[in-house]
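Only one structure is covered here, and it is reproduced in the block below.
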Amino acid sequence: MSRTAASPTRLALRGDLLEVTADPGFGGVASSKVRFDADHWLLIEDGRIVGRSATAPDASWERHDHAGRLITPGFIDTHVHGPQIDMIASYGAELLEWLNTYTFPAERRHADPEVAAVGAATFLDALLAHGTTAAVVFPTVHKVSVDALFEAASQRGMRVISGKVLMDRHAPDFLRDDVDGAERDCTELIHRWHGRARLAYAVTPRFAPTSTPAQLDMSARLLQAHPGTYLQSHVAENRDEVQWVAELFPRSRSYLDVYRSHGLLTERTVLAHGLWLDDDDRELLADTGAQIAHSPSSNLFLGSGLLDWAKLQDAGAQVTMASDVGGGTSLSMLRTLAEAYKVQALQGVRLTAWKALYSATRGAARALHLGHEIGSLEPGTLADVAVWDWAVGPVATNRDRLARDLHERVFAWMMLGDERNLVSARVAGVERYRRSEARGP
Ligand code: GUN
Ligand code: ZN
């Protein structure tokens, strides 16, 4: 049957469909929150998921047969620094020294529109090549880096939340802004990008030490003036940093309380790390709906500490999953989940594959108020999906073959897999990454 230009695009992807439908908590490996339909067809019309079928749909559907492969919602990375792919894996420093030695000089380069444009395209293509289809991103203080990122994201149809980094003190001259200029830049960027395509603006004070109280107040003004905007920052990552914040804000009860007192904790607030929090802080997170973007790879690499996820969960605070590249050493959310498992293991807590997967898909979507759009294989959501080999290489293949139940299989995929497992990534149904055929399992 020939299709006219006006007819809907109908796509069907065959594979093992896996999603986690609700927070499984820290319970056992048997979970009623897991939906697994082995060897089904995922049906997509005009970029949206419309259903699933055990049998092949008719020839009016463009069929892609991935039988024997895994199909999941695309991953959501809730905290990652695009320009930091330029200095990922930099040796031997804790946070504050690492920022000064490696990070700030790398971010400086993105003042150049050409560097910013190439960097944004490279970064987003890399996310897609790791199976990440949506992200909450730090660019740099330069307006041009925000324009470049949003432009590249809109070209790819991606869900990206981002905004100009704010730093008006304790930063090198070449990265420092000021309250009035930054407010003008942010307002202009919000008008240009917020709500356009699948983009949303995040007011982005880097972290409390690099913003004056006046700049934090300005951030809150932006949030109030522009409904639906997000707030992203860092909190309580490193002990020296926490001490510094206590000195800079002597009247605040805690690091997190600095953000509260400036009106920055909302249900659209995404705070990376949250390692050095107390019970009151955790309660504050739960009360405000602000989420912690857990960055285990970064926390290990920079020697920052271990997230007490169980206490956050008990308090009712939301935790989502983040690579935090370049503090993190991989854009792969599979590797990130594997690191998260080990971080919990060090504290005697078991992180099931279900809880881990939930936090990087549907849980993240819900925490970002985007559950209607991403994070699941539910009809009505956009078809941001990833197709994976269950196993790549002899060891993983052997392990996969010997797995006795679904959790064992998914857990081995999570612990042993990475971007080499990714076969295809689609954004709103459009294939944006496909592994070259030369490289199979
Ligand atoms: N705190 C302030 N800036 C940064 C950053 O770029 N990376 C990390 N990991 N922590 C930060
Ligand atoms: Zn970060």
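Readers should treat all values here as calculations from the given coordinates under stated rules, not as data from a laboratory. Since the structure is predicted, the reported quantities are computational estimates derived from the model, not experimental observations. Here the Cβ positions follow ideal geometry from the backbone for every residue, glycine too, while neighbour counts run over all protein chains shown.
Which one, Thr320, Thr78, Thr288, has the greatest fluctuation when you compute a Gaussian network model over the chain with C-alpha springs under 10 angstrom?
Taking springs between Cα atoms under 10 Å, the residue moving most is Thr288.
Please name which of Tyr102, Gly181, Val165 has its Cα lying farthest along the dipole of the range 95-233 towards the positive end, using unit charges on Cβ (Lys, Arg +1; Asp, Glu -1) and the Cα centre as origin.
Val165
Placing unit charges on C-beta atoms (Lys and Arg positive, Asp and Glu negative, everything else neutral), compute the dipole magnitude of the range 188-316 about its Cα centre in debye, rounded to 20.
On the way: 12 positive and 16 negative charges, 136 e Å.
The calculated dipole for the range 188-316 is roughly 660 debye.
Provide the percentage of antiparallel DSSP beta bridges, counting only those with both residues in the chain; round to the nearest 5.
Numbers: 28 of 63 bridges.
About 45 percent, rounded to the nearest 5.
Can you tell me the dipole magnitude for the chain around its Cα centre, using point charges on the Cβ only (Lys, Arg +1; Asp, Glu -1), in Debye to the nearest 20?
Details: 46 positive and 56 negative charges, 241 e Å.
Dipole of the chain, to the nearest 20 debye: 1160 debye.
Rank by packing, highest mean first: peptides 330-342, 178-190, with packing defined as the count of other Cβ atoms within 10 Å averaged across residues. If you can, show how the numbers build up before the last one.
Working: 330-342: 24.2, 178-190: 16.8.
Sorting 330-342, 178-190 by mean packing, highest first, produces 330-342, 178-190.
Looking at the range 55-94, I'd like the Rg to Rh ratio, where Rg is from alpha-carbon atoms and Rh is Kirkwood's inverse mean 1/r.
Details: Rg = 19.9 Å, Rh = 15.2 Å.
Ratio of gyration radius to Kirkwood radius: 1.31.
Which peptide among 22-35, 104-117, 370-383 comes first, and what is the full order, when sorted by highest mean count of other Cβ atoms within 10 Å? Mind dumping the intermediate values first?
Working: 22-35: 15.6, 104-117: 18.4, 370-383: 20.1.
Result, highest mean first: 370-383, 104-117, 22-35.
Could you order peptides 425-437, 196-208 by the average number of other Cβ atoms within 10 Å of their residues, highest first?
Numbers: 425-437: 18.1, 196-208: 22.7.
By packing density, highest mean first, the sequence is 196-208, 425-437.
Under the Kirkwood approximation for Rh and a Cα-based Rg, what ratio Rg/Rh is obtained for the chain?
Numbers: Rg = 21.2 Å, Rh = 22.0 Å.
Rg/Rh for the chain comes to 0.97.
What residue among Arg52, Arg251, Arg159 shows peak mean-square fluctuation when the chain is described by a Gaussian network model with Cα springs under 10 Å?
Evaluated over the chain, the most mobile residue of the options is Arg251.
To the nearest 10 degrees, how steeply does helix 179-193 sit against the main Cα axis of the chain, on a 0 to 90 scale?
Between helix and principal axis, roughly 20 degrees.
Mind pulling the angle between the C-alpha long axis of helix 113-129 and the longest principal axis of the chain? Nearest 10 degrees, somewhere in 0 to 90.
Long axis of 113-129 versus the principal axis of the chain: about 40 degrees.
So for the chain, if I pair up every lysine 8 or more residues apart or on another chain, how many of those pairs have alpha-carbons under 27 Å apart?
Close lysine pairs found across the chain: 7.
Each residue of the range 385-402 in order: what ³J(HN,Hα) in whole Hz does its phi give by Karplus 6.51 cos²θ - 1.76 cosθ + 1.60, θ = phi - 60°, with x for Gly and Pro?
3J(HN,Hα) across the range 385-402, in whole Hz: 9, 10, 10, 10, 6, 4, 8, 10, x, x, 5, 5, 5, 4, 5, 4, 5, 8.
What's the magnitude of the charge dipole for the range 1-155 around its Cα centre, counting Lys and Arg as +1 and Asp and Glu as -1 at the beta-carbon? Answer in Debye, nearest 20.
On the way: 12 positive and 20 negative charges, 87 e Å.
Roughly 420 debye for the range 1-155.
Which residues' amide hydrogens lie under 5 Å from the amide hydrogen of Ala272, considering only partners 5 or more residues apart or on another chain, with H built in the peptide plane?
Ser233, His234, Val235, Ala293
List every residue whose amide H lies under 5 Å from the amide H of Ala38, counting only residues 5 or more places away in sequence or on a different chain, with H placed 1.01 Å from N in the peptide plane.
Distant-sequence amide H within range of Ala38: Leu17.
Can you tell me the 0 to 90 degree angle between the C-alpha axis of helix 279-288 and the longest principal axis of the chain, rounded to 10?
Helix 279-288 and the main axis of the chain meet at about 70 degrees.
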